[in-house]
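Only one structure is covered here, and it is reproduced in the block below.
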2 protein chains.
Amino acid sequence: INDGSSLENLQVVADPSLENRDLTFGSAVEVQGKLVKSPHKMQNMELKAETIRVVGPCDTWSFPLKMKERHPLEYVRQFPHLRCRNNTLGSLLRIRSEATAAIHSFFQDNGYVHIHTPIITSNDCEGAGELFQIEVKNTHFFNVPAFLTVSGQLHLEVMSGAFTHVFTFGPTFRAENSQSRRHLAEFYMVEAELSFTESLQDIMQVMEDLFKTATSTVLSKCPRDVELFHKYIAPAQKVINVTGKSCNSVIISYSEAVEILRQASQTFTFKPEWGCDLQTEHEKYLVKHCGEVPVFVINYPYDLKPFYMRDNEDGPQHTVAAVDLLVPGIGELCGGSLREERLPFLESRLQRLGLADAYQWYLDLRKFGSVPHGGFGMGFERYLQYILGVDNIKDVIPFPRFSHSCLL
Amino acid sequence: INDGSSLENLQVVADPSLENRDLTFGSAVEVQGKLVKSPHKMQNMELKAETIRVVGPCDTWSFPLKMKERHPLEYVRQFPHLRCRNNTLGSLLRIRSEATAAIHSFFQDNGYVHIHTPIITSNDCEGAGELFQIEVKNTHFFNVPAFLTVSGQLHLEVMSGAFTHVFTFGPTFRAENSQSRRHLAEFYMVEAELSFTESLQDIMQVMEDLFKTATSTVLSKCPRDVELFHKYIAPAQKVINVTGKSCNSVIISYSEAVEILRQASQTFTFKPEWGCDLQTEHEKYLVKHCGEVPVFVINYPYDLKPFYMRDNEDGPQHTVAAVDLLVPGIGELCGGSLREERLPFLESRLQRLGLADAYQWYLDLRKFGSVPHGGFGMGFERYLQYILGVDNIKDVIPFPRFSHSCLL
């Protein structure tokens, strides 16, 4: 029997007289008896049953999970209402719960104020891909078009005018028509914003501290659950010591990254060129080139990035103070930047984009006691994929939502 | 100066030579100097400034917050991007952050697994009021109609088949066209589900423990912030000792409640009658009748409640094992029930409602190892309103969304 508190089952030893035809795999039982030291090496204790009551029988013929079978993740994915009873998903959900708590604690212990940034927003032009729109029977409930948030950043920036450090940890949405193993329509993001921050180094330090603290908590709280993934799920080459030396990161600039890619003997589908986005194939190569360690890429082309990133005022290759953290097997795990806190810079950029009116409130933040600030976001599912070596993002979230699929 | 970490300002003492015309209320500054014991009684320390740099000036003429003014909550509500810099909202957000952490800790310390229940769902018939529908440029992104969740309960019930105790704490949505001080279109709910639970008493005990633990943590972590509300915001009669004796609750049945209401000398707009929903005026009267303490009302009419609540098999007044917790000044703070775990009962009820096909997955949970279980939800904003004595729900959430309003 197993109560979901850990991977370990409790062995029940019963007299044949207690047998019951309802006592099948998947049934719920109440067992009374004596907890005794087990004579078997593999377990510490066992329960000598005196009474066994089947609380809820299980129709094993139609129950899709079978006893002592290691069902592939693709198989159990078909049963979103039952797959949590599978060992692997059970471990995943315990790990996810502990990781969530560890992330909350990390920020709390470091003096961050937790902000519930809104899910429904009227900001529609952050340029973060396709948006989901909200409707109530074809009327505009809010008077204005309303969308599901793609990031809590702008709302966190509001708060960074009142608190030195703020964070949010909640659902975000992309209506990307992608069937990729790395994309979901609904996923969780951890986002932080730091005031009085003038260097990307500060932002990268928090990313790294967050990653290391959360991961070592998870490893110490659920060692057996993590072990299951590393043993049976992750391809051998993927099991990395995420808190040890192999986690030591390197920092390269976007310009250096493009140079590395141009000098690569490998042929890419997308030719690496200064001013173009790094593609997945490029990210993979960079991580391999740097020795399969986390790689911070900093200072991206001005024209590639959103209006709120801070102008580095360099040239002729004009960049902004942005940073992406690439990790082995995943690609982009975190993205961040310094924000443009200087009113004239921001004003002229928004005007050029025709967004100055829509973002008057955002300009106000710079008009009234503006401070240098910056922040980042980390994809929580990608984080779990990374530390556990899970290939498909659909297997690290309780109820995956993606194009053509919204089960339950 | 204030860095947002508490209500207390740090007094800076400066020589007139350090004056600067940018040094206005609302500006961001960097001050270097010596921290010394203050000669004033009201403060412990003060900063003797050696240099003062204005990092971000503030145009005080157009800045809507004024120095040393206690702006009414209605006034600052007009400025969602700036109101966090107001003392009251600053205190609120610190309290909200601590309360969030306290709720997470309560469940974690009691062995609950935290589940991120989905925001987008294809369940559309839980009968919890108006739904927001999701659209991507008029195509069905998910192939099926998709909505914003009104509750994580059904998804938690999935998880209660794998873990003994689970909880979720996230945003939920109602498209109610209400301008009430008690309703938002987007609000936060804490929900818990307990397996192997056969009595409402167990559910009520968790509600009460959660309330008391979270509240005493908030009181001990932010005493000054809570004091501000009790002193300046809450009407005097509303300040209650939320953890003391006045918090001792009473339990009455719905039938008793109706009897109390029928015998009241007061005339109600809605005549109290067995089988009808309790209205706000009824809830208020019941709480007053019981001595302005929290009141659990249990065992509601079968025909009033959703399909998943457990049949009490009583009569002629047929009830289900539901419970609502009513509190002074707020009305319903929590709602819960035992869930119908018996397959035949649930099947015939869903069939009568024409929902048996849509909820086949939910019936499956009863087919495979069903256990007696139950749970509840608590409205997080109402909780904050209650402990702080805040009249309008829009003042306890960072970015309120309600009909005709979705700012930022």
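The values are calculated or read from the model by the stated rules, or taken from the named source; none is laboratory data. Everything quoted here is computed from the prediction, not taken from an experiment. Here the Cβ is made from the backbone with ideal geometry for all residues, glycine too, and neighbour counts use every protein chain on show. Quick note on the areas: whole protein, heavy atoms, side chains included, nothing else; ligands and nucleic acids left out. Shrake-Rupley method; radii C 1.70, N 1.55, O 1.52, S 1.80 Å.
Numbers at a glance
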quantity: Accessible surface of the range A:1-106, 1.4 Å probe, proportion on carbon and sulfur as whole %; calculated: 52
quantity: Threshold 20 Å² - residues in the range B:1-30 whose accessible area is reduced by that much or more when the chain is no longer isolated, probe 1.4 Å; calculated: B:Asp3, B:Gly4, B:Ala28
quantity: Equivalent ellipsoid, the range A:1-84 (semi-axes from 5 times Cα gyration tensor eigenvalues, Å); calculated: 26, 17, 10
quantity: Under 18 Å from B:Lys284, Cα to Cα: lysines that are on another chain or at least 8 residues apart; calculated: B:Lys238, B:Lys271
quantity: Per residue accessible area in Å² of the protein assembly as shown, where ligands, DNA and RNA are left out and the probe is 1.4 Å; calculated: 43
quantity: Helix axis angle, A:280-289 relative to chain A longest principal axis, alpha carbon, degrees; calculated: 80
quantity: Rg(Cα) / (2.2 N^0.38 Å) computed for the protein assembly as shown, rounded to two decimals; calculated: 1.00
quantity: Rounded tilt (10° steps) of B:200-221 against the dominant C-alpha axis of chain B; calculated: 0
quantity: Size of charge dipole - the protein assembly as shown - debye, nearest 20, with Cβ of Lys, Arg +1 and Asp, Glu -1, no other charges; calculated: 760
quantity: Contact surface A-B: accessible area buried, both sides summed, square angstrom, 1.4 angstrom probe; calculated: 7300
quantity: Unsatisfied cross-links (Cα-Cα over 31 Å) in the set A:Lys305/B:Lys137; A:Lys394/B:Lys394; A:Lys305/B:Lys48; A:Lys34/B:Lys305; B:Lys288/B:Lys394; A:Lys212/B:Lys37; calculated: A:Lys394/B:Lys394; A:Lys305/B:Lys48; A:Lys34/B:Lys305; A:Lys212/B:Lys37
quantity: Nm distances between copies for A:Ser5, ranked from closest, using label points 7 Å along Cα→Cβ; calculated: 3.9
quantity: Positive-end extreme of charge dipole, the range B:263-408 - chosen from B:His318, B:Tyr386, B:Leu278 (charges on Cβ); calculated: B:Tyr386
quantity: Other-copy label distances relative to B:Ser178, 7 angstrom Cα-Cβ extension, nm; calculated: 4.0
quantity: With DNA, RNA and ligands ignored, accessible area of A:Ser195 (1.4 Å probe; Å², nearest 10); calculated: 10
quantity: Reduction of at least 50 Å² in accessible surface, 1.4 Å probe, comparing all protein chains with the chain by itself, residues of the range B:148-181; calculated: B:Val158, B:Met159, B:Ala162, B:Phe163
quantity: Chain A - charge dipole about Cα centre, Lys and Arg +1 at Cβ, Asp and Glu -1, debye rounded to 20; calculated: 1360
quantity: Calculated label separations, B:Asn44, copies of the chain, 7 Å along the beta-carbon direction, nm; calculated: 4.3
quantity: Computed magnitude of the charge dipole of the range A:31-114 (debye, nearest 20; Cβ of K, R +1, Cβ of D, E -1); calculated: 320
quantity: The range B:320-408, relative contact order in percent, only Cα pairs under 8 angstrom and at least six apart counted; calculated: 27
quantity: Over chain A, relative contact order from alpha-carbon pairs under 8 Å, at least 6 apart, %; calculated: 16
quantity: Unit charges at the beta carbon, dipole of the range B:86-192: most positive-side option, B:Leu154, B:Leu92, B:Ser105; calculated: B:Leu92
quantity: Heavy-atom accessible surface of the range B:154-295: percent carbon and sulfur, 1.4 Å; calculated: 49
quantity: Acute angle (nearest 10 degrees) that the helix A:87-109 long axis makes with the longest principal axis of chain A, alpha-carbon atoms; calculated: 50
